[in-house]
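Engineer: Structure below; questions to follow.
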Amino acid sequence: MDKRVSIVMGSDSDLPVMQQAADMLAKFGIGYEIDIVSAHRTPEKLVEFASNAHKRGILVIIAGAGGAAHLPGMVAALSPLPVIGVPIKSSNSIDGWDSVLSILQMPGGVPVATVALNGAKNAGILAAQVAAAADRSVLEKIIAFKEEMKEEVMRKSEKVRNNLK
């Protein structure tokens, strides 16, 4: 399976959150790679990764970071690919708001699509939707996924309404 999405994070402590993105990509049959790329501790690796991901066939980058959360923005500054930022509530975080704002408040010309705090599941879905724009089989899986969510809500709705009678 060709790797079309790259998932990077600043530290292995981010893996429990970022694994949710990997799980969604696997559900949709999208190949991915996953690595640690620290904006502050491995800046050379960051530059090499972000500057060359598109040359390796990557279509979308999901970057998760906590605290100062520079990774998604720096990747977006160096890469021509769409970047999805996942703010992570870390041990040195201010309730996660520092991460959210660091990823969300990018300057004009350097966009980062930002999901909710610890929202790697949605990052995986969004990356799949980007890939689906050029891959009909992935598009069909996204459509089926959304239909499954709808059906689940309808089942729960019926159950709640029946319990109120």
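Since every read-out is calculated from the coordinates, none of them should be taken as a lab result. As the structure is a prediction and not an experimental result, all values here were calculated from the model. Cβ coordinates were reconstructed from backbone atoms using ideal geometry, including for glycine residues, and neighbour counts include every protein chain displayed.
Engineer: Only counting other Cβ atoms within 10 Å, I'd like D2, D14 sorted with the fewest neighbours first.
Structural biologist: Details: D2 10, D14 23.
Fewest-to-most ranking of D2, D14: D2, D14.
Engineer: On a straight-distance basis, which lysines could pair with K159 in a cross-link, Cα separation under 28 angstrom, same-chain partners fewer than 8 positions away excluded?
Structural biologist: Cα-Cα hits under 28 Å: K27, K121, K141, K146, K150.
Engineer: Let me ask something additional. Fewest to most neighbouring Cβ within 10 Å: what's the order for V75, V86?
Structural biologist: Details: V75 29, V86 32.
Final ranking by Cβ density, sparse to dense: V75, V86.
Engineer: Can you give the relative contact order of segment 3-135 as a percent, counting alpha carbon pairs under 8 Å and 6+ residues apart? Display every interim value, and only then the final one.
Structural biologist: On the way: 286 pairs, mean separation 37.2, N = 133.
Value for segment 3-135: 28 percent.
Engineer: Right, another one. Using the alpha-carbon atoms, what tilt in degrees (0 to 90, nearest 10) does helix 15-27 show relative to the longest principal axis of the chain?
Structural biologist: For 15-27 against the chain, the angle is about 60 degrees.
Engineer: Please give the Cα centre distance for segment 1-15 versus segment 120-165, rounded to the nearest Å.
Structural biologist: When both Cα centres are located, 23 Å separates them.
Engineer: Still on this model: Helix 43-52: angle to the longest alpha-carbon principal axis of the chain, degrees 0 to 90, nearest 10?
Structural biologist: 60 degrees
Engineer: Grab the DSSP H runs of the chain that are 4 residues or longer, score each as -39,500 (n - 2.57), total them, divide by all residues and round the 222 nm result to the nearest 500 deg cm²/dmol. Provide the component values of the computation, followed by the final result.
Structural biologist: On the way: 6 runs with 80 residues, N = 165.
Value at 222 nm, helices only, nearest 500: -15500 deg cm²/dmol.
Engineer: Determine, for each peptide in 157-164, 60-67, 27-34, 3-10, the mean count of other beta carbons within 10 angstrom over its residues, then list the peptides with the highest first. Can you show the working numbers first?
Structural biologist: Working: 157-164: 8.6, 60-67: 27.4, 27-34: 17.5, 3-10: 24.8.
Final packing ranking: 60-67, 3-10, 27-34, 157-164.
Engineer: In degrees from 0 to 90, rounded to the nearest 10, what is the angle of the helix 136-163 Cα long axis to the longest principal axis of the chain?
Structural biologist: Compared with the principal axis, the helix lies near 50 degrees.
Engineer: Suppose we keep just the alpha-carbon trace of the chain; what are its Rg and Dmax in angstrom?
Structural biologist: Looking at the chain, its Cα Rg and Dmax stand at 17.1, 64 Å.
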